[in-house]
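Q: After the structure tokens below, expect a handful of questions from me.
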């Protein structure tokens, strides 16, 4: 009573969750997609073509 709104950002900044990479990729499909993209080598000619 009378404590005001709960500060979720402050609570989450003090929270540590230990996950394996497999667990992270299973719970976060966007993370899995980005890891797959970042783990793929892009040919230099595609990089140059994208800059034009």
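Q: Using only Cα atoms, tell me the angle between helix 29-38 and the longest principal axis of the chain; keep it within 0 to 90° and round to the nearest 10.
A: Tilt of helix 29-38: around 40 degrees.
Q: Right, next: Starting at 0 and stepping by 5 Å, how many percent of the alpha carbon pairs of the chain end up in each bin?
A: 4, 14, 12, 13, 13, 10, 10, 10, 7, 3, 2, 2, 1
Rule-based calculations on the coordinates, nothing more; no lab input. As the structure is a computational prediction, the values presented were derived from the model and not from experiment.
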